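To keep things clear, I will list the structure first and then write my remarks on it.
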Amino acid sequence: MQLHITSLPGGKLGRAAYQFIDWLADAGQSWWQVLPLGPPDRYRSPYKSSSAFAAWRGLLADPRAPVSRAEIADFRERQRFWIGDWERFSSRGAVADQVRFEREWGALRVYGAERGVRIMGDVAIYVSPGSADHRAHPELFAEGFVAGAPPDAYATEGQLWGNPLYDWPALQRRRYRWWVERVRRTLELFDLARIDHFRGFVAYWAVPEAASNAIGGRWRRGPGRALFSALGRSLGPDLPLVAEDLGVITPAVERLREAVGLPGMLVIQFGLDPNRPSSPHRLENHDADRVVYTGTHDQDTARGWYTSLPAARRAFVDSELARLGVCDREPWWGLVRLAFSSPARLAMIQAQDVLGLGSEGRMNDPASPGGNWRWQMRTGALTPALAQRLREATEAAGRLTSPPK
């Protein structure tokens with residue numbers, strides 16, 4: 001199930017996080033997916049963090065817990081690639097906060113493993129302008145252009161993200177060391193991680209730095225397989241990563257994903273379009289080498305999406321759920337059951353969809369500059385009855401795993 005830590009009651013680690021793991025185990029779920037753990041920007045976005053390595057102090061349950069000099073020295077030694085950069089960028093006590101996070105996060109992961117729940121993370125492809133990484137390694141970033149996405153039917157002016165772009169030749173000359181260390185750090189924190197904007201490793205949209213929109217951007221070639229070969233040499237083969245391959249995906253992107261052996265993503269909402277029968281998101285076109293979602297953090301909740309559809313489109317969705325044998329008195333639960341029926345190796349649903357929340361539970365709307373990343377679950381919202389209902393749906397789909405011994 002997908003639920004960021006800030007969406008837990010209280011928005012932090014500690015008791016609420018342990019209770020959520022207990023609920024997941026009772027509900028027969030074996031994965032908890034969170035969003036990036038770094039310090040968010042002023043709009044609360046975890047995808048524009050001031051560090052690609054550091055965890056956010058705001059997630060700590062006990063930000064004043066004692067930390068010894070020995071613990072700080074040990075952490076500095078183990079994380080020497082990046083911790084000095086973060087310490088210079090951040091405030092006093094930055095290293096101690098990372099020790100506290102490692103302590104709390106490690107204990108939570110051990111508890112989850114004992115209950116049969118593993119944790120999946122998320123890696124934003126780009127860093128934020130002016131971040132600790134950008135300042136410490138200016139030689140790794142290109143000048144004159146920033147990141148974005150080309151115009152399409154949903155954004156006629158494209159999307160202007162503003163992140164600094166990598167100087168891939170410069171990274172290659174350094175054997176991709178920065179990326180190797182970033183992924184190493186990621187795999188220390190998670191059992192599995194999603195790599196955001198995977199298509200950017202094949203080609204990315206570069207927008208002139210002074211542009212007011214993304215129309216004048218152009219495609220530039222990414223590092224391709226060379227980056228993943230470097231990761232494999234340093235970190236070993238079969239890295240536990242998932243490719244976020246949504247959007248306009250070319251055959252070259254598919255070839256790279258398959259060549260490096262990463263599962264891709266499918267989204268149930270995308271597959272219920274009567275005008276796109278050949279969409280890879282349509283259930284009949286799913287395959288095992290995927291992770292399927294009811295929706296992502298950038299989309300409306302299942303209920304919000306369903307109720308916003310025109311009547312004719314809702315009727316189509318209803319007919320599809322009936323045809324596929326996953327009807328439910330609440331159509332959004334039908335979408336959950338539809339995701340579970342996929343042959344994809346992992347099915348991920350949002351907590352908001354289990355709760356049956358409408359658009360008020362949406363985590364992020366990329367078209368809206370403000371008001372995002374604020375949704376928080378109320379205490380006790382995930383009841384034993386909901387756990388039983390989800391467990392039954394999981395078991396009916398043949399996805400129920402055995403509890404740990």
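A compact table of results
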read-out: Percent carbon-and-sulfur accessible area, the chain, ignoring ligands, DNA and RNA, probe 1.4 Å; value: 50 percent
read-out: Kirkwood-type radius of region 47-181, with distances r between different C-alpha atoms, in Å; value: 17.2 Å
read-out: Residues whose placed amide H lies under 5 Å from that of TRP32, excluding near-sequence neighbours; value: ARG118, ILE119, MET120
read-out: Using θ = phi - 60° and Karplus 6.51 cos²θ - 1.76 cosθ + 1.60, couplings along region 50-65 (whole Hz; Gly, Pro as x); value: 7, 7, 8, 10, 7, 8, 7, 4, x, 8, 5, 6, 10, x, 10, 4
read-out: Where Rh is the Kirkwood radius over Cα pairs, Rg/Rh for region 193-259; value: 1.04
read-out: Whole-number Å³ per residue for the convex hull built on Cα positions in region 303-377; value: 109 Å³
read-out: For the chain, built as a Gaussian network whose Cα springs stay under 10 Å, the top-fluctuating residue of GLY106, GLY247, GLY58; value: GLY247
read-out: Average Cα contact separation per residue, region 252-405, under 8 Å, 6 or more apart, as relative contact order %; value: 23 percent
read-out: More than 37 angstrom apart: percent of Cα pairs within the chain; value: 21 percent
read-out: Highest-MSF residue in the chain out of GLY264, GLY222, GLY144 [GNM, Cα springs under 10 Å]; value: GLY144
read-out: Region 1-96 - accessible surface per residue (Å², probe 1.4 Å); value: 46 Å²
read-out: Average accessible area per residue (Å²) across region 147-258 - probe 1.4 Å, nucleic acids and ligands excluded; value: 48 Å²
read-out: Rounded to the nearest 20 debye, dipole of region 111-250 from Cβ charges on Lys, Arg, Asp, Glu; value: 540 debye
read-out: Rg ratio (alpha-carbon, reference 2.2 N^0.38 Å) - region 257-349; value: 1.05
read-out: Dipole moment magnitude, nearest 20 debye, the chain about Cα centre, only Lys, Arg, Asp, Glu C-beta charged; value: 720 debye
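The values are calculated or read from the model by the stated rules, or taken from the named source; none is laboratory data. All values derive from a computational prediction rather than experimental measurement. A quick note on method: Cβ atoms are made from the backbone with ideal geometry, for glycine too, and the neighbour counts reach across all protein chains shown. Areas reflect the complete protein model, heavy atoms only, side chains present, ligands, DNA and RNA absent. Shrake-Rupley method; radii C 1.70, N 1.55, O 1.52, S 1.80 Å.
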